[in-house]
Amino acid sequence: MTTRAKLSGIQRQALALYRGFLRTARLKSPEERHRIESVVSAEFRENARNVDRRNFVYIEYLVRRGKRQLEQLKNPDITGLSTLEINKVSSIP
């Protein structure tokens, strides 16, 4: 039997937020469900890869922003998520 490491409070919040998005996606149409799940998965993976684990202020900001987005998505009139792609430029000529 393996023991799991205990999750911190902010890790539990992020996991609950992720699960909340997936549960809410089930309430939408099948095509929107797939789109929501892929956007949410990509966003969480990107943040897990790029955000420093010790940057608690930024992580808390992302959790708050995610909670607001989830509340909006729970609205029956909202059909899906929109994404914004920002091209990262290393230097401006």
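The values are calculated or read from the model by the stated rules, or taken from the named source; none is laboratory data. Everything numeric in this text was worked out from a predicted model, so none of it was measured. Note: areas computed on protein heavy atoms with side chains; ligands, DNA, RNA excluded. Shrake-Rupley method; radii C 1.70, N 1.55, O 1.52, S 1.80 Å.
Partners of Lys28 within straight-line reach, counting aspartates and glutamates whose Cα lies under 12 Å from its Cα and excluding those fewer than 8 residues away in the same chain: Glu37, Asp77. Taking every protein chain into account, the 1.4 Å probe leaves Lys67 with about 100 Å² of accessible area, to the nearest ten.
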